[in-house]
Amino acid sequence: MGVLRFRVVGADHAAETVDVAVRHVFNGGYAGRDTAQVQHHVDELAKLGVPAPTRIPTLYPLSEYLAVQGNRVAVPHGRTSGEAEWALVVPQDARTAHDYLVTAACDHTDRALEVHGVAWSKQSAPDFLGEVAWRWGEVAQRFDSFTLRAWVNGDELIQDGSAAQLLSPAYWIEHMESEGLLQPGTVVMSGTIPMLEGVNQFASSWRVELSDGQGNVSEVSYRVEELPAAWD
């Protein structure tokens, strides 16, 4: 069981640190509010050979060890990439959804494996989370204004949007709580926004920023290192 540490920002939490022992991880998919953008993402993946989902939005349960905070991922080949997201985190001492946390996230995915099964590809690489977080109850009314951006290879912008493009944390809270899925130690990844045309996603580094527009930024930044060839 891994432990994530967050610095919670806000008027009442200027210096608060929250540790969360991860017990459950879920990755949302095809979770855009705009059906045209969802179709755009389906089309993006179709170009890579990934079959369209049978249910939208989707939800993939993952092993708890895949939620990490770090700066490096080792991959078996050159066709893996990240996705700019936010994550919803349920602390062990949360009394209500007001106490849940939201933070920046990047879902690293094996695109070669994805053509054989999205759930398999999600299980093959980590979900990176930021170290700065907000209490959901304190930002729920303005979360749509949060910007969500990603860069590859240092400074090449690949995703540029906002939380308003994705289903809100409120959507996942409502639907997952009704199924008993938001237990203490749960991490929920939001799904992603479209990538910009013409930018190579198979990059040597990824950086994601979630910003509240008031000077607070949660960041994920990591390098991608290809492992030596296997001795088959």
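In this structure the amide hydrogen of ALA67, modeled in the peptide plane, comes within under 5 Å of the amide hydrogens of ASP127, none closer than 5 places in sequence on its chain. Which one, VAL25, VAL220, VAL199, has the greatest fluctuation when you compute a Gaussian network model over the chain with C-alpha springs under 10 angstrom? Of VAL25, VAL220, VAL199, the Gaussian network model singles out VAL199 as fluctuating most. Our coupling estimate for the stretch 71-85, obtained by passing each phi through the Karplus curve with A = 6.51, B = -1.76, C = 1.60 and θ = phi - 60°, is 10, 7, 10, 9, 10, x, 7, x, 10, 10, 7, x, 8, 5, 8 Hz, Gly and Pro reported as x. How far is helix 35-47 tilted off the main Cα axis of the chain, in degrees rounded to 10, range 0 to 90? Computed tilt is about 30 degrees.
When ILE56, ILE158 are arranged by Cβ crowding within 10 Å, least crowded first, meaning fewest neighbours, the order is ILE56, ILE158. Placing a label point 7 Å from the Cα of ARG95 along the Cα-to-Cβ line, the residues of the stretch 160-199 whose backbone N sits under 17 Å from it are 184.
The phi torsions of the stretch 98-105, fed into the Karplus equation with coefficients 6.51, -1.76 and 1.60 and a -60° offset, translate into couplings of 4, 8, 5, 10, 10, 8, 5, 8 Hz, rounded to whole numbers, with Gly and Pro shown as x. Computed over the chain with a Gaussian network model linking Cα atoms closer than 10 Å, the most mobile of ALA67, ALA97, ALA163 is ALA97.
Restricting the calculation to Cα atoms, the chain yields a radius of gyration followed by a Dmax of 16.6, 56 Å. Derived scalar couplings between HN and Hα for the stretch 130-136 equal x, 9, 9, 9, 10, 6, 4 Hz in order, rounded to whole Hz, by the Karplus curve 6.51 cos²θ - 1.76 cosθ + 1.60 (θ = phi - 60°), x for Gly and Pro. Exposure proxy ranking for HIS77, HIS24, HIS108, based on other Cβ atoms within 10 angstrom of each Cβ and starting from the fewest, stands as HIS77, HIS24, HIS108.
Per-residue Cβ neighbour counts within 10 Å put ARG142, ARG79, ARG55 in the sequence ARG55, ARG142, ARG79, beginning with the fewest.
Springs between Cα atoms under 10 Å define the GNM used for the chain, and in it the highest mean-square fluctuation of GLN69, GLN201, GLN39 occurs at GLN39. Put simply, the amide H of GLY28, placed in the peptide plane, has neighbours under 5 Å in TYR60, MET189, SER190, GLY191, leaving out anything fewer than 5 places away on its chain.
Any read-out appearing in this document is the output of simple, stated calculations on the displayed coordinates, not a laboratory observation. Note that this is a predicted model, so its numbers are computed, not measured. Don't worry about glycine lacking a Cβ; one is built from the backbone with ideal geometry, like all the others, and counts go over all protein chains shown.
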